[in-house]
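Just so it is clear, none of the values below were taken in a lab; they were calculated from the coordinates. Please read these numbers as outputs of a predicted model, since none were measured by experiment. Please note: Cβ atoms are built from the backbone with ideal geometry, for glycine as well, and neighbour counts cover all protein chains shown.
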Amino acid sequence: MTISRKEVMHIALLARLGLTEEEVDKLSEQLSNILENFEILKQVDTTNIPPTAQSIDLQNVLSDDAIAPSLPLNDVLANAPQQEGDFFKVRAVLEE
C-alpha cells in the first residue's frame, strides 16, 4: 500500500505540520514502507495467541520506605529566589 503526496499533505495539515517538498516525499516513502510491513504482519497466524495488552510481563520496581532526617530548613531555603518566613514565596499562578 502506498501513501500519496496528497495524503501526506492532508495528514500534515491535520497535524498542523509545515513540511517542505523533500519532507513530503520522504514521509510518503516512509509511511508507505510502514504500511507494507503491517501488510506482512497481517499474514502471521495468531489464532492460538491469547489477546494481551502487554508483550512482556510487568513488574513494579519498588523500594522500601525508609525514614531519613530532613535537610535543615536554612539549607532548603538557601537557593530560594524569594522566601517569606519559613516558606518559598512564589507568584500566584491561578486567578480568582
*Identify, from the list Ser63, Ser55, the residue that is of a type in the set (S, T, N, Q) and either touching a residue at least 24 places away in the same chain (Cβ under 8 Å) or over 30 Å from Ile3 (Cβ atoms) (or both).*
Ser63
*Residue list for the stretch 85-96, filter: over 33 Å from the mean Cα position of the chain (by Cα) and loosely packed, with under 10 Cβ neighbours inside 10 Å*: Gly85, Asp86
*So is Val44 β-branched (Val, Ile, Thr) and surrounded by 10 or more Cβ atoms within 10 Å (Cβ to Cβ) or not?*
no
_Per-region count, the stretch 34-55, residues in a loop (DSSP other than H, G, I, E, B) and under 28 Å from the mean Cα position of the chain (by Cα)_ = 6
*Pick from the stretch 1-33, criterion part of a helix (DSSP H, G or I) and under 22 Å from the mean Cα position of the chain (by Cα), ranking: surrounded by the most Cβ atoms within 10 Å (Cβ to Cβ)*: Leu27
